[in-house]
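The values are calculated or read from the model by the stated rules, or taken from the named source; none is laboratory data. Since we're looking at a predicted model, the values are computed, not measured. Cβ coordinates were reconstructed from backbone atoms using ideal geometry, including for glycine residues, and neighbour counts include every protein chain displayed.
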Amino acid sequence: MAIFLVTFRETLEASIIVGLIFSLLQVFGVSFKRKRYIGVGIAAGILGSVIFAFSFQYLFGAFEGNSEKIYEGVLMILGSLFITRFVIWTQHHFHNIGTNVKKISDQFKQSDQLWYLSLLVALSVLREGVETVIFLNALSFSSEKGDIVLAILGIIGALIISVILYISLKKVEIQKLLVFTNIFFIFIAGGLLSHGIIEFQQAGVLPNFINPLYDISGILSEKQGLGSILKAAIHYDANPSLLSFLAYISYMGIVFTLFFKNKKER
């Protein structure tokens, strides 16, 4: 079961992002042919994960230590920036969503926006994919053949969550779907920023003072139950450092202020 949970958690965030994006594309009437942009992003993320994983192992012998921390930190902060840009773009362009759905849908179908979403998906898959590929590769040499089956079932479980999200949300009213999606994306981006900073601190790139600032693992541990799901989905942290906590609070305060300000102006 532990192996199942490892791959499930590693795959969950990217699966949620893909499910939400496909729901948005469906609601805005994006054709199946144009949805291939997202398919390209998924394929690029998977291919990139395989290339990065085996390149790291070939060049450095293992994907661990400071190189792993810096790699993850860079991708997390890049992911946070990409998601934030998408939220800002939707808030800016969809302020009159109730009166001009067709015009807004046309904007959403533009190739440059679809390519942007494709890149966002690719980054999401790549961020978690490298460790998953290395984990699966290690399991392939295990004497326990059931281990690789459990790992694959974990990935399938996360993909099922993506499908359920897509089916559940594709018929939701456009405005409600956008609000839900943007709020969820803000939490993901805030968590990515915070954890990116932690990765840089652990690699020695940023100062590591007052760490942890607090520890509520006894109340809601990030290693089991609900806490582990929240960690996988929105990067919940039960024991953040001072720097990561300040970054998270500042980010959430600024972005949510802009978010609700735009809502009031509609």
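Couple of notes before you dig in:
- Annotation note: of ILE88, ILE83, ILE42, the sole residue that is over 22 Å from ILE167 (Cβ atoms) and surrounded by fewer than 20 Cβ atoms within 10 Å (Cβ to Cβ) is ILE88.
- Pick from region 19-36, criterion of a type outside the set (Gly, Ala, Ser) and closer than 30 Å to GLU68 by Cβ, ranking: surrounded by the most Cβ atoms within 10 Å (Cβ to Cβ): ILE21
- Scanning region 26-59 for residues that are without any contact (Cβ under 8 Å) to a residue 60 or more places away in the chain, in a helix (DSSP H, G or I) and under 25 Å from ASN182 (Cα atoms) yields ARG36, GLY39, ALA43.
- Where GLN224 falls short, out of the listed (1) under 23 Å from ARG127 (Cα atoms); (2) surrounded by fewer than 21 Cβ atoms within 10 Å (Cβ to Cβ); (3) at pLDDT 85 or above: (3)
- Test: residue in region 196-209 that is in contact with a Ser or Thr (Cβ under 8 Å, 6 or more places away or on another chain), closer than 19 Å to SER15 by Cα and in a helix (DSSP H, G or I): no
- Filtered by the rule that a residue be among the basic types (Lys, Arg) and closer than 17 Å to VAL6 by Cβ, region 217-266 gives LYS223, LYS231.
- Subset of region 1-18 (residues that are surrounded by fewer than 23 Cβ atoms within 10 Å (Cβ to Cβ) and closer than 13 Å to TYR166 by Cα): ILE16
- Screening PHE245 against (1) in a helix (DSSP H, G or I); (2) under 24 Å from THR132 (Cα atoms); (3) touching a residue at least 40 places away in the same chain (Cβ under 8 Å) leaves a single unmet condition, (2).
- Residue list for region 188-219, filter: touching a residue at least 40 places away in the same chain (Cβ under 8 Å) and surrounded by fewer than 16 Cβ atoms within 10 Å (Cβ to Cβ): GLY204, VAL205
- Checking region 174-186 against the condition returns no match, with no residue being assigned to a helix (DSSP H, G or I), of a type in the set (A, V, I, L, M, F, W, C), buried (at least 18 other Cβ atoms within 10 Å of the Cβ) and touching a Gly at 6+ places or on another chain (Cβ under 8 Å).
- Exactly one residue among ILE156, ILE161 is more than 21 Å from MET252 (Cα to Cα), out of contact with any Leu (no Cβ under 6 Å at 6 or more places or on another chain), surrounded by fewer than 16 Cβ atoms within 10 Å (Cβ to Cβ) and aliphatic (A, V, I, L, M), and that residue is ILE156.
- Residues in region 1-37 that are closer than 20 Å to SER80 by Cβ and at pLDDT 85 or above: THR11, LEU12, ALA14, SER15, ILE16, ILE17, VAL18, GLY19, LEU20, ILE21.
- If only residues of region 49-61 that are more than 16 Å from the chain's Cα centre (by Cα) and among the small types (Gly, Ala, Ser) are counted, the one that is surrounded by the fewest Cβ atoms within 10 Å (Cβ to Cβ) is GLY61.
- Which listed residue, of ILE216, ILE210, is on the phi > 0 side of the Ramachandran plot and over 18 Å from the mean Cα position of the chain (by Cα): ILE210
- Check on VAL74, aliphatic (A, V, I, L, M) and surrounded by fewer than 16 Cβ atoms within 10 Å (Cβ to Cβ): yes
- Test: residue in region 217-226 that is touching a Pro at 6+ places or on another chain (Cβ under 8 Å) and of a type outside the set (A, V, I, L, M): no
Conditions (1) of a type in the set (A, V, I, L, M, F, W, C); (2) touching a Leu at 6+ places or on another chain (Cβ under 8 Å); (3) modelled with pLDDT of 70 or more, marked per residue:
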{"position": "ALA62", "(1), (2), (3)": "yes, no, no"}
{"position": "ASN66", "(1), (2), (3)": "no, no, yes"}
{"position": "LYS69", "(1), (2), (3)": "no, no, yes"}
{"position": "LEU75", "(1), (2), (3)": "yes, yes, yes"}
{"position": "GLY79", "(1), (2), (3)": "no, yes, yes"}
{"position": "ASN100", "(1), (2), (3)": "no, no, no"}
{"position": "LYS109", "(1), (2), (3)": "no, no, no"}
